[in-house]
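Values in this text are rule-based calculations from the coordinates and carry no lab data. Remember, predicted model here, so these are calculated numbers, not experimental data. Because the Cβ atoms are built from the backbone with ideal geometry, glycine has one as well, and the counts that use them run over all protein chains shown.
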Amino acid sequence: MNELLQRLRKGYGKKLVGIHAWNGWIVVLLALSGLVLLGGFWRGVLGEGRVWLKWFHFVVGIASILPIAYYLALAGKHWKQLRGKPWQKFNVYVVLAFLFGWFVSGVLLWQFKAVGPRVSNAALIVHDVLTWIGLPYIIYHSIARAKWLKDPSRLSVRVPKDVADVHPAAPQPVYTRRAFIRGAIGVGLAVTVGPSFLKWLGQSFGSAGGGSSIDQLIENNANRLLPEPQPLPASSPPMGGGAQGQFRVYTVTPIPSFNNDNWSFRIDGLVDKQMEWNWETFVKLKRSVQVSDFHCVTGWSVYKNTWEGIPVKEMLAMAGVKGGAKSAIFYSGDGVYTSGITLEQLAKDDALIAVMHDGKPIPSDLGGPVRLIMPKMYAYKSVKWLNRIELIEGEHIGYWEQRGYANEAWV
Ligand SMILES: Nc1nc2c(c(=O)[nH]1)N[C@H]1C(S)=C(S)[C@@H](COP(=O)(O)O)O[C@H]1N2
Ligand SMILES: [Mo]
C-alpha cells in the first residue's frame, strides 16, 4: 500500500506540493518585505534601500500570480480529491481569497497615481487587514500542515476503493498531541502578532476606542515652545470640522524636540534680505487658515485638515526674492531631511508654513512646531520640523527624491 500511495503522490501530487512550496516561499518573501516596509523603525535605517525593497515587494507580488494561476489550472483535479473534506475545501477558499485580496489591493497601491487617493486609501486598509488576519492564518496553516503531513495516516491522497477494501485504513488515533500543538501555535501567535495588530487597529480606527491617537500625539508633544500660538477664530473650532483619518508618523531620524533656546527659523540664499526669527518673534507673524487634504504616496490620506500658518508667498515677500532664484530648499531641523520646490509651484496660495493643526500646536511627532504643507503635492514635500528655507538658482533633489521619488509631486 505504501508503494501505491507513493505512486499516486508522484505525478500530480508532486505538482501540488511544488506549487504549495513555491507559494509558501513567495508569501514569506512578501511578508518579510511588507512588514519591513510597514515598520516605522526601518524607514531611517534603510534609506534608499526602502525604495528598492518596495520594488522587490511589487515584483514578487506580481510574480505570485504564477503559482496561483498554475494551481487554478489543476484545481479541478484537486477539488475531486477533496471530496468529503469540507474543511480542506474551506481552507483552499480562504487561502485563495487572501491571495486574491492581497494581489488586487497591492496592484491598486502600486498604481496609486492612476487610481487616486480615495481608492489607494481603501486598498491600503484592505491590504493591512488581510495581512493582520491572513499572515497568522497562513503561518498557523503551514506549521499545522507540516506536522500533519509527517503523520502518514493523514496524507490527503484518497486511497482507491479496491485498495481500501484489502487494507482498511488504520484506526485513527485520538490525536490529543495535534490538538495540543495547534493550541500552542494559536497562543504563540496571539502573543507575538497580537500586540502589533492591536496597535495597528488603534492607529487605523483610533477614535473608535476612545482617546483618538492625535490627542495622544498632542499629549506626548516633546516640544516646549512658549508662548503657545493662539488660534484664529477660523481654527478654533476648526473651519474644516476636524481632520478625518489618521496620520502615520513618518520620520527618517529620531524625532527631534525643540524649545525656545534651540529653535530658530531662517530664510537665506538668493534673497534681498536674509531673515531670522526666534520663537517669540515667529509666533507674532500674521497667520491664515486653510482646509486641505493630506496624501502620502504609500496610500493613506487625512482629509479636511484645518491648518493655520504663514503662507509661503508672504514669507518670501518679506525676504524679497532675487531675480535669479528658481527654487527653494526646505530644510528640516532633524538635520537630514530636505525637499526642493520650484518658485512657480510655490506661487500657489495654499503653500503654507503651518504652525497649528485643527486649532492646536502641531505636536513633535507630526513635525511641530513648524512644518511645510503643500496640499496639492504628495506629503513627502511637507517637510517636518521645518526651520530653514534657502533660495537657489537651480533645482534641489531632496531626501526621498534622491531615493527614487519623483521631484514633481503633484497628486
Ligand atoms: N523631516 C521629515 N519630514 C517628512 C518626512 C520625514 O521622514 N522627515 N516624511 C515625509 C513623508 S513621506 C510623509 S507621508 C509625511 C508624513 O507626515 P506625518 O509623519 O506627520 O504623518 O511627512 C513628510 N515629511
Ligand atoms: Mo509619504
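Remark: the stretch 204-311 carries a charge dipole of roughly 180 debye about the Cα centre, counting +1 on each Lys and Arg Cβ and -1 on each Asp and Glu Cβ. The dipole here belongs to the stretch 310-359: it is taken about the Cα centre, uses +1 on the Cβ of Lys and Arg and -1 on the Cβ of Asp and Glu, and is about 280 debye. For residue 360, the aspartates and glutamates whose Cα falls under 13 Å of its own Cα, not counting residues fewer than eight places away in the same chain, are 215, 219, 228, 308. A simple spin-label model places pseudo-atoms 7 Å from Cα toward Cβ; at residue 349 and residue 318 they are separated by 2.1 nm. Shown is the FRET efficiency for residue 392 and residue 140, computed with R0 = 60 Å from the Cβ-Cβ distance and rounded to the nearest 0.05: 0.60.
With the convex hull of its Cα atoms as the shape, the stretch 36-109 has an orientation-averaged projected area of 6.1 nm².
For the stretch 211-402, the direction-averaged projected area of the alpha-carbon convex hull comes to 10.0 nm². For residue 226 and residue 12, the difference between the fully extended length at 0.36 nm per residue and the C-alpha to C-alpha distance is 69.7 nm.
Loop-located GluC sites (Glu not before Pro) in the stretch 363-411 (DSSP state not H, G, I, E or B) with no more than 14 neighbouring Cβ atoms inside 10 Å: 393, 395, 408.
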